[in-house]
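Working notes, structure below.
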Amino acid sequence: MNNFIIIFFFLFLGLLLQNVKRFPTHIYKSINKIVIYLCLPAITLYHIPKIKWSSELLFPIGAGWISFLLAFVFFHFLGRRLGWSNKLIGCLVLTAGLSNSSFLGYPIIEALFGKKGLETAVLVDQPGTFVVVSTLGVFVAAFYSKGSPDAVSIFKKIILFPPFITFVVSCLMNVLDYDLDVNIQSLLLKLGSLVTPLALFSVGLQLTFDRNSRHWKFLRLGLFFRLIVTPLIIFILYVFIFNQRSEAIKITIIEIAMAPMITGAILASTYGLKPKLSSMMIGFGIPISFVTLAVWYFVVSFI
C-alpha cells in the first residue's frame, strides 16, 4: 500500500508545482539525468549479481524482449504508413513497448502471488525489461530523435549508457560469483529506491490535461497496445503455442500487463520524443492499468 501512496503522491506533487510560478518546472531535465545516470545503475549493480541462471528462466526473461520488439514492429510500420513523425513513433515504441515490471510490478505480484512470486518478477524486470530499455531502448531513442543517425553514433550511445555499462559489469560479477560489500549494497538499494519518486515527480511536472491536445488518440492507441494487445499476445504465445501453464507463466503475463515503464517515458522525454505524450502514457496508464490488471488476473487464474 505504501508503494501506491508514493506513486500518486509524487505524481500529484509534480502536477501541483506546475502552478507555482516561481518553481523551476524545467528542473525535470536534471531529475531525469539523476534517474538515468545514478539510480538505474544502482539497481542493476544490486540485483544482477544475485540472479541464478537456468533454461527455465527464458520465458520470464524473454517476455520483455518480445513485448518491445512487437511494439517496434507495430508502431514503426504503422507510423511510416500513416506519415507519423519519427519522434511520435519513437515515443510510442518506448512507452507502449515496456511494462512497469518493478515498482508497480513487485508490490502487485507480492500481493497476488506472495513473496515467492517476486523471484519471477525480478527475472521479468532485471534481465528482461530493464536490459531492454538499456540497450534496444537507447537505440530506439537515438534512432528516432534524429533524422538519420549513423550506426557508430548509436553504438556509442548504447555502450556509453551508464545503466548498460553497469549491466555488463554486473553480469561479469554474476559469472565470477562475486558480490559487493554489504554496506555498498545497502547504499545501492537506497539509491535505487529513489527511481520511482523522482521519475514520477518528473512526469508530474510535464503532465498536461489539454482537451484539445493532438495526443489523445495516440494515448488511447498506445495504452490499448500496452495494456491489452501485448499481454494477449504473450498469453497466446506462452500458454497455447508453448503450452506453458506454471505459476511463473501467470506471473510473467501479469508483469507484462503492467502500465508503461516509467524509465521508458523518462528516456523518451530526455531524447525529446514527445515529452507530453510520454508523460500522459504514465499519468493515465497507471490508474487505468489497475482495472485491466484485475481482468488479466481473472484470465490467468483459469490457466
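The values are calculated or read from the model by the stated rules, or taken from the named source; none is laboratory data. Just so it is clear, the model here is predicted, and its values are computed rather than measured. Virtual Cβ from ideal backbone geometry, glycine too; neighbours counted across all protein chains shown. Calculation scope for accessible area: heavy atoms of the full protein, side chains included, ligands and nucleic acids excluded. Shrake-Rupley method; radii C 1.70, N 1.55, O 1.52, S 1.80 Å.
Couple of notes before you dig in:
- Scanning segment 245-266 turns up at least one residue that is without any contact (Cβ under 8 Å) to a residue 24 or more places away in the chain and open to solvent by 10 Å² or more (accessible area, probe 1.4 Å).
- Take the conditions (1) assigned to a helix (DSSP H, G or I); (2) in contact (Cβ under 8 Å) with a residue 40 or more places away in the chain; (3) open to solvent by less than 50 Å² (accessible area, probe 1.4 Å); (4) not acidic (D, E); S101 misses just one of them, which is (1).
- Taking the criterion of being touching a Gly at 6+ places or on another chain (Cβ under 9 Å) and open to solvent by 40 Å² or more (accessible area, probe 1.4 Å), the residues of segment 78-98 that qualify are S85, N86, K87.
- Here I282 meets each of (1) in contact with a strand residue (DSSP E or B) (Cβ under 8 Å, 6 or more places away or on another chain); (2) modelled with pLDDT of 90 or more with one exception, condition (2).
- Pairs, first surrounded by 15 or more Cβ atoms within 10 Å (Cβ to Cβ) in segment 149-178, second not in a helix (DSSP H, G or I) and not β-branched (V, I, T), C-beta under 7 Å, six or more apart: M173/D179
- All positions within segment 286-303 that are out of contact with any strand residue (DSSP E or B) (no Cβ under 9 Å at 6 or more places or on another chain) and either outside any helix (DSSP H, G or I) or polar (S, T, N, Q) (or both): T292, S301, F302, I303
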